[in-house]
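Computed from the coordinates by the stated procedures, all read-outs in this text should not be read as laboratory data. What you are looking at is a predicted structure, and each value in this text was computed from that prediction instead of being measured. Cβ sites come from the backbone with ideal geometry, for glycine too, and all protein chains shown count toward neighbours.
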2 protein chains.
Amino acid sequence: MQRTQFGDMVCSIARTLDLIGEPWSPLILRDVMVGIRRFDQIQADLGISRKVLTERLKWLVERGVLARREYSARPPRYEYVLTDQGVDLCDVLIAMARFGDRWLAGPAGPPVLYRHRPCGHIAPADLRCGHCDQPMHADTIDVLPGPGMATGADVPA
Amino acid sequence: MQRTQFGDMVCSIARTLDLIGEPWSPLILRDVMVGIRRFDQIQADLGISRKVLTERLKWLVERGVLARREYSARPPRYEYVLTDQGVDLCDVLIAMARFGDRWLAGPAGPPVLYRHRPCGHIAPADLRCGHCDQPMHADTIDVLPGPGMATGADVPA
DNA sequence: AACTTAAGTTCCCTTAGGGAACCTGCCCGG
DNA sequence: CCGGGCAGGTTCCCTAAGGGAACTTAAGTT
């Protein structure tokens, strides 16, 4: 299915989608985030086809989101762990979870809770302005052209 | 391509992906967020096929993310606007943009900047703990089972 | 020697996405 | 009042991506 490529668009959202826009990738990342790190574990947990899982893992490793680590040399066995970039990507997952908890969880409430380890409290993660610390959402944001807008740097390093 | 459905999984991330997991949806939402609201405008801006755009818009309207509003009765013309749910979904887009700005923007810098209207400053949006206001990321979170975990409420209202 | 396990790989089949052409209701200029 | 234009889709065919199941490889286990 000749899918359009997003990586060349001058848009950080499109570029991020180029990385994890295909629907299984966020769930694979979620699994790795919560400790499901091995091929068969992920495959069983998600019900994804082995073929597609192989492709996605390879892609995420190539792009630096995950690292493939050998946890047994003989027999050779591997697990997948988050890189620094992968940890940052989890912010997107946390934002998705926040939305799902609020709008899609139904009367039973959210399936999982998040405890902020430094303060010990169970609380949702909120988007805040990096300058004034107040809530920062689509309806309180103005979008302005940035330095990377009209340059030839469509394909970043 | 018989795609696996995510909506029945007991996971707020999977449920959110059921809504906007297909790769075009976030870009459509982005367009609407920044003021590109009409069919032909979105189609031209994204380069998406008209067929798929029709399907996505219909889906997003059905699920309550967008609303289809008539802006001219004769001739009948429509535009798409964010619902309250749609505005909340934009938090996910903002998190994606934040990641893309940080990891995928290259030397030219981010394509767009975000100004927080209440304080007037250009700043990135950060995830903060709703209780203590400190940064809250994957490496400072413990995941615990929540009330909606093992109930029969797999398919919320 | 036979069985099991983790981690893939290969095969075929179905279906979703792309592209281009077509349709519909209405406005407008001549 | 007729042809053209425009917004907003709809229809068609083709290709390629996802699903599923079987097979493979390299080792350990009984």
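Here are the numbers:
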read-out	value
Nm distances between copies for B:HIS121, ranked from closest, using label points 7 Å along Cα→Cβ	2.2
FRET efficiency for B:GLU62 and A:VAL52, using Cβ-Cβ distance with R0 set to 22 Å, rounded to 0.05	0.20
For segment A:56-157: rounded, prolate or oblate by the Cα gyration tensor [a/c cutoff 1.5]	oblate
Peptide ranges A:32-44, A:128-140 listed from the most packed, as the mean C-beta count within 10 angstrom indicates	A:128-140, A:32-44
Alpha-carbon Debye profile of the protein assembly as shown, log10 I(q)/I(0) at 0.13, 0.15 Å⁻¹	-0.99, -1.35
Inter-chain Cβ neighbour average for residues B:18-24, partner chain, 10 Å	5
Convex hull of Cα atoms in segment B:23-107, direction-averaged projection (nm²)	6.2
Value at 222 nm in deg cm²/dmol, rounded to 500, when DSSP H runs of n ≥ 4 in chain A each add -39,500 (n - 2.57)	-12000 deg cm²/dmol
Cα centroid separation, segment B:1-50 to segment A:122-140 (Å)	24
